[in-house]
Amino acid sequence: MKDLESVKISSSDIEKINEDYIELPLLASRGVIVFPHMVIPLLVGRDKSIEALEKAMLQDKKILIAAQKDETLEEPVESDLYTIGTVTEVKQLVKLPNGMIKVIVEGIQRAKIIDFLKTDQYFKVKAELYYEEEIYNGEDYEIEALMRTVIDYFKEYVKYNRNFPAETMVSVINIEDPGRLADITASNLELKYKVEQQLLEAFSDKDRLELLIKIIKKEIEILKIENDINEKVKDQVEKTQKEYFLKEKLKVIKDELDEGDIDEIENYKKEMQNIELPEEVKEKIEKEINKLNKTPSMSPESTVIRNYLDCILELPWDREKNTEINIKEAEKILEEDHYGLEDVKERIIEYLAVRKISKKKKSPILCLVGAPGVGKTSLGRSVARALERDFVRMSLGGIRDEAEIRGHRRTYIGSRPGRIINSMRDAGSKNPIFLLDEVDKMSADFRGDPASALLEVLDPEQNNEFTDHYLEVPFDLSDVLFITTANVTTTIPAPLLDRMEVIELPGYTEDEKVKIAERHLIPRILQEHGLGEAQINISNNALYKIIRNYTREAGVRNLEREISAIVRKISKEIVEGREKKARITKRNVDKYLGVRKFKYEVAKKENRIGVATGLAYNQAGGDILDIEVAVVPGKGEVILTGSLGEVMQESAKAALSYIRSKSKKLKLKKDFHENYDIHIHVPQGAVPKDGPSAGITIALASASALTKRKVKGNYAMTGEISLRGRVLPVGGIKTKILAAKRAGINKIVLPQENKESMSEIQNYLKKDLKITYVEHMDEVIDLLLLEE
């Protein structure tokens with residue numbers, strides 16, 4: 001073991017514990033490794049580092065330098081430093097005006113940190129010295145071979161890296177000590193500091209030389225690749241400069257001839273290069289750009305080409321918004337935006353969950369079906385908000401031309417893309433929420449069928465290559481989340497309906513409407529009118545009265561209008577100084593809204609002849625209908641009044657045919673149908689009515705009128721009837737039950753096949769109801785037709 005003097009470290013500058021251990025200040029370096037025999041300048045600015053340097057200068061200028069493991073740390077602690085460092089001597093120290101210190105140090109020998117003796121103001125450590133091996137005498141052939149290999153590789157490294165001065169190469173070649181050769185060579189390589197730290201931690205000459213050979217070899221390979229790349233770039237630059245020169249000449253020529261603007265062509269090319277386009281689309285755009293380049297600027301054709309290029313380049317080919325679906329956030333937003341509609345919201349969440357799990361983009365298209373004002377469009381907006389995507393709404397009401405969907409071919413003057421492509425351009429992303437509103441209101445004429453054009457848009461198997469007549473290239477719509485809305489499904493073509501998954505929005509109960517008004521409508525209306533909640537108070541009883549006597553709907557659109565009318569009148573009173581704070585109650589609603597628009601239907605529960613109470617479903621929600629039948633002398637005619645639709649008329653005829661087939665059981669004369677006219681009337685004659693669900697009601701009222709037997713007045717019913725008397729299932733059961741409860745009827749007759757659908761209706765709606773399920777019309781007659 002060598003003593004300290006042999007490595008030029010005196011006892012006056014280092015506290016000597018024994019001949020192997022020393023105590024001295026420590027400087028933490030960032031991204032810099034100091035090797036023995038290496039002279040390097042450092043810029044020091046941290047307080048601890050400056051303090052350590054000052055302590056070293058007060059002694060004999062010796063300081064241990066160890067590198068940080070993470071060079072980004074401003075205030076490293078003991079565990080953030082490598083344990084192997086280099087004892088150095090400060091050769092020069094200059095204090096700069098900004099408070100920093102520039103210092104030049106020379107590496108002396110390796111040392112290992114054993115313990116940290118001081119860490120508060122500066123680092124002071126106890127370190128173990130590592131000594132160089134005996135002076136090399138040239139007799140170890142393996143070491144000699146390693147040294148020659150290092151020198152050869154270093155020469156090749158310098159050949160590829162031309163930044164080295166010639167004297168550096170000479171000084172390395174003339175080094176005879178293997179350890180010194182390894183350290184000096186390593187200090188001249190452009191290596192990452194972690195690789196340099198590995199070399200610093202290699203203590204034996206052999207290990208250090210072998211590791212250095214591997215590193216230099218790798219660096220040479222990287223430099224070769226870099227040189228190849230530089231050569232290719234140089235060739236490309238020369239080619240680009242040549243093209244630029246020729247284009248500038250062409251620009252001058254074209255300016256002289258007034259034939260186009262080269263800058264415009266270049267801009268189109270740059271836009272195309274900045275977009276990730278399918279190969280087919282790229283070829284089409286390049287073809288149009290070349291065509292524009294050859295077309296005189298004053299030609300009408302150039303305007304057509306420019307419009308086309310502007311359109312196709314503005315489309316979101318590679319731009320998309322948030323692709324992640326957060327189910328919990330979606331649930332929260334749907335709950336915030338919509339009260340009730342639990343089944344509908346649950347179905348939307350299930351749909352989104354499938355989209356999140358499935359890696360396939362193909363999924364069914366949702367179709368929200370319900371009466372006006374139940375929240376179909378706002379549900380689409382809520383889904384877009386929940387998914388943090390763009391929202392696009394396209395109304396299909398009244399569209400007759402197929403070109404509205406697919407666009408016009410460019411052969412026509414004023415041609416333009418279809419509304420699908422225009423909406424995608426407006427959205428600005430390729431995965432928006434796309435709401436196709438009023439899909440049931442389309443119609444066809446001699447210009448084509450827009451519903452047929454929508455088949456490709458809404459078919460998951462085809463819409464990844466939707467082709468607009470104007471674009472003439474396919475556009476991928478498979479990332480779009482399509483939602484359609486409709487009031488009824490009967491007017492939607494069967495092939496189009498087959499591509500959609502229908503979700504019915506049944507309408508709101510009175511209680512739900514009151515909650516919606518409290519949570520959403522009233523706060524929004526007050527905000528729109530600049531009023532606060534302290535200025536207007538609307539009681540629940542007032543809301544019930546508005547719902548029952550001033551609106552008749554499944555949704556809340558008219559309810560919002562009536563509340564707005566009240567708020568407008570109160571705003572006028574406040575401005576005129578007649579009111580400061582208004583309270584709307586059940587008693588003063590008439591003051592603001594005037595005469596009641598609708599009578600709150602309450603069923604007449606007395607037993608009557610020829611009158612039966614039916615349950616109806618319409619776009620305004622549910623209602624009760626008193627179907628009246630009168631038998632008068634005549635020639636056997638059937639008279640139908642009350643604005644009855646074709647289906648309802650056929651249902652009445654089927655009911656009468658059933659009564660005729662049961663004439664013996666009902667004790668009717670055989671020729672009753674020849675000598676009497678049967679008049680069937682449904683009140684509210686100005687309101688159109690249709691559908692088969694009044695079949696059993698018409699049959700019962702007809703049987704009552706013919707037999708002169710009374711019908712139980714405390715029952716309401718619905719169901720289709722067949723010629724054989726079978727009672728068939730009908731729709732809108734929930735809405736019809738709501739109508740019965742609203743009219744005070746708690747006894748209902750339903751088809752047996754509708755029994756399963758009752759499980760989907762909330763329990764609070766079925767409370768206090770007595771429901772009788774029937775399979776045949778005979779059961780209805782036996783139950784509801786009283787004996788004489």
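The values are calculated or read from the model by the stated rules, or taken from the named source; none is laboratory data. Since we're looking at a predicted model, the values are computed, not measured. Glycine also receives a Cβ, built like all others from the backbone with ideal geometry; neighbour counts cover every protein chain displayed. Note: areas computed on protein heavy atoms with side chains; ligands, DNA, RNA excluded. Shrake-Rupley method; radii C 1.70, N 1.55, O 1.52, S 1.80 Å.
Brief remarks on what is shown
- Under 5 Å, built H, 5+ apart or other chain: amide partners of VAL105: ILE40, LEU42, LYS91
- The stretch 627-779: relative contact order as a whole-number percent, Cα under 8 Å and 6+ apart: 24
- Filter on LYS569/LYS689; LYS234/LYS282; LYS159/LYS269 - keep pairs with C-alpha separation over 29 Å: LYS569/LYS689; LYS159/LYS269
- Solvent exposure of the stretch 298-421 amounts to 50 Å² per residue of accessible area, where only protein heavy atoms count and the probe is 1.4 Å.
- Each residue, GLU231 and LYS206, gets one label point 7 Å from its Cα in the Cβ direction; the gap between the two is 4.0 nm.
- Fraction of alpha-carbon pairs over 20 Å apart in the stretch 386-492 - percent: 37
- If R0 is 45 Å, the Cβ-Cβ spacing of GLU388 and ASN290 corresponds to a FRET efficiency of close to 0.65.
- Among MET272, MET57, the sequence by solvent-accessible area, most first, with a 1.4 Å probe is MET57, MET272.
- When only alpha carbons of the chain are considered, Rg and Dmax amount to 45.1, 141 Å.
- For ASP626, nonlocal amide neighbours, meaning residues 5 or more places apart or on other chains whose placed amide H falls under 5 Å from its own, are GLY614.
- Placing dummy labels 7 Å off each Cα toward the beta-carbon, the span from GLN684 to THR168 is 9.5 nm.
- Whole-number percent relative contact order across the chain, with pairs defined as alpha carbons under 8 Å at least 6 apart: 7
- Linear extension gain, ASN161 paired with GLU342, 0.36 nm per residue minus alpha-carbon span: 58.0 nm
- Separation of alpha-carbon centers, the stretch 740-788 and the stretch 427-500, rounded to whole Å: 41
- Förster radius 25 Å - calculated FRET efficiency between VAL32 and GLU74 (Cβ-Cβ, nearest 0.05): 0.95
- What the Cα convex hull of the stretch 683-788 gives, in volume per residue, is 112 Å³.
- Computed on protein heavy atoms with a 1.4 Å probe, the accessible areas place TYR141, TYR715 in the order TYR141, TYR715, largest first.
- Cα gyration tensor category, rounded, prolate or oblate, for the stretch 450-552 with a/c compared to 1.5: prolate
- Extension gain for LYS665 to GLU280 (0.36 nm times residue separation, less C-alpha to C-alpha distance): 130.9 nm.
- In Å², nearest 10: area of VAL647 left accessible to a 1.4 Å probe: 70
- Rolling a 1.4 Å probe over the protein chains gives LYS287 an accessible area of about 130 Å².
- Heavy atoms of ILE365 accessible to a 1.4 Å probe, total area in Å² rounded to 10: 10
- Helix content alone sets the calculated 222 nm mean residue ellipticity of the chain: runs of n ≥ 4 DSSP H residues at -39500 (n - 2.57) each, divided across all residues, give -12500 deg cm²/dmol.
- Contour excess over end-to-end distance, with Cα ends at ASN98 and LYS269 and 0.36 nm allotted per residue: 56.6 nm
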